[in-house]
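Q: Please find one structure pasted underneath; my questions will follow.
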Amino acid sequence: MNRPLTMRIGVDLGGTKIEALALGPDGQALLRRRVATPRDDYRTTLEAVATLVEGLERDLGRHGSVGVGIPGAVSPATGLVKNANSVWLIGQPFDRDLSARLGRPVRTANDANCLALSEAVDGAAAGFRAVFGVILGTGVGGGIVIDGRPLIGRNVIAGEWGHNPLPWPSDEERPGPACYCGKSGCVETFLSGPGLARDHLAAGGGIGEVEGIAAQATRGNPVAQGTLARYWDRLARALAQVVNILDPDVIVFGGGLSKIEGLTRSVNARLGRYVFSDRVETALAIAKHGDSSGVRGAAWLWDKEELDKIHGVPAP
């Protein structure tokens, strides 16, 4: 396929929705589409992604590169998806199947890497060299961008802080909730939306959604305030490990829980208790592009030089 490239297409493949976005050469959004994810059906999910891409191209009359953020990673050993909480993707050659379906190269990356890349390109982390992107939602993900490029890692798991144990646990936190990965006490089991709701219920707060718990805390409910205080302390502990190992210039937060008022202030007030330094200079920021960061980052997965080579554009 040698049609000239005139836009970038990003796809955010989530557990409940699939979003596709076309970006112009200077990063402006051209058109966006969203459909529900066909849960537990790999072939229908694959077709939904391809149909979204083709629909954007048809309606815009342009040809685009394709990058897809997935809730997992493609194993370099097998070429199959691994570590996906959308479990129907596990063991499937998603990138190869989508490339064959669309008739062009396709690039995939973990959705947290897409968040970090989006914010590093033109978001809250623009101008920073080392970026750690955090997704706090149904799961807990992390992505690393260095000098504008995602750091993937030898095992394609760079940034997967959610499946490390919660550091410095109290007796009440041991052994921790069971995690879908097969272990107990993972950071994800404490800091995900379901983890926060479970902790609130255990404290006597009843069944509640994250937004409701945060609203109760704002109104002065002591149980909800206690739930958030534990959450902030656990988040600070978990991120301190990231700072101690990676020492990024900035940590950018995305996902549903990043919308809780006071997140950066509350974590910043606690981070110094756990980081191995006399001062903590790490910047904390909320994703500028919000829910669109993942899909924008997927669109930026291809460098211009790579795309020019694929499409036969001669070097200047």
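Q: Return the total of residues in region 181-234 being in contact with a strand residue (DSSP E or B) (Cβ under 8 Å, 6 or more places away or on another chain) and among the β-branched types (Val, Ile, Thr).
A: 2
Q: Something else about it: Can you say whether Ser266 is closer than 28 Å to Gln28 by Cα, assigned to a helix (DSSP H, G or I) and not charged (D, E, K, R), as far as the supplied structure shows?
A: Against the criterion (closer than 28 Å to Gln28 by Cα, assigned to a helix (DSSP H, G or I) and not charged (D, E, K, R)), Ser266 does not qualify.
Q: Failed condition for Trp168, given (1) without any contact (Cβ under 8 Å) to a residue 24 or more places away in the chain; (2) assigned to a loop (DSSP other than H, G, I, E, B); (3) of a type outside the set (Val, Ile, Thr), with all others met?
A: (1)
Q: Spot the failing condition for Val250; the list is (1) farther than 30 Å from Gly24 by Cβ; (2) at pLDDT 95 or above, and only one is missed.
A: That leaves (1) as the condition not met.
Q: Would you mind stating whether Ala100 is small (Gly, Ala, Ser), outside the structural domain of Arg198 (by TED's automatic domain parsing) and buried (at least 22 other Cβ atoms within 10 Å of the Cβ)?
A: Judged against the criteria, Ala100 is not a match.
Q: Considering region 30-57 alone, what residues qualify as being at pLDDT below 95 and either within 20 Å of Arg107 (Cβ to Cβ) or among the hydroxyl-bearing types (Ser, Thr, Tyr) (or both)?
A: Thr37
Q: A further question follows. Can you name every residue in region 280-296 that is free of Cβ contacts under 8 Å to residues at least 40 places away in the same chain, closer than 16 Å to Asp249 by Cβ and touching a Gly at 6+ places or on another chain (Cβ under 8 Å)?
A: Across region 280-296, the qualifying residue is only Val280.
Residues are listed down the side, and each one gets a yes or a no for (1) outside the structural domain of Val275 (by TED's automatic domain parsing); (2) loosely packed, with under 15 Cβ neighbours inside 10 Å; (3) more than 23 Å from Asp26 (Cβ to Cβ):
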| site | (1), (2), (3) |
| --- | --- |
| Ala116 | yes, no, no |
| Glu119 | yes, no, no |
| Gly137 | no, no, yes |
| Ile144 | no, no, yes |
| Asp147 | no, yes, no |
| Arg154 | no, yes, yes |
| Ser170 | no, yes, yes |
| Arg174 | no, yes, yes |
| Ala178 | no, yes, yes |
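The values are calculated or read from the model by the stated rules, or taken from the named source; none is laboratory data. Just so it is clear, the structure is predicted and the values come from calculations on it, not from any experiment. When we count neighbours, we look across all protein chains shown, and the Cβ atoms used for this are built from the backbone with ideal geometry, even at glycine.
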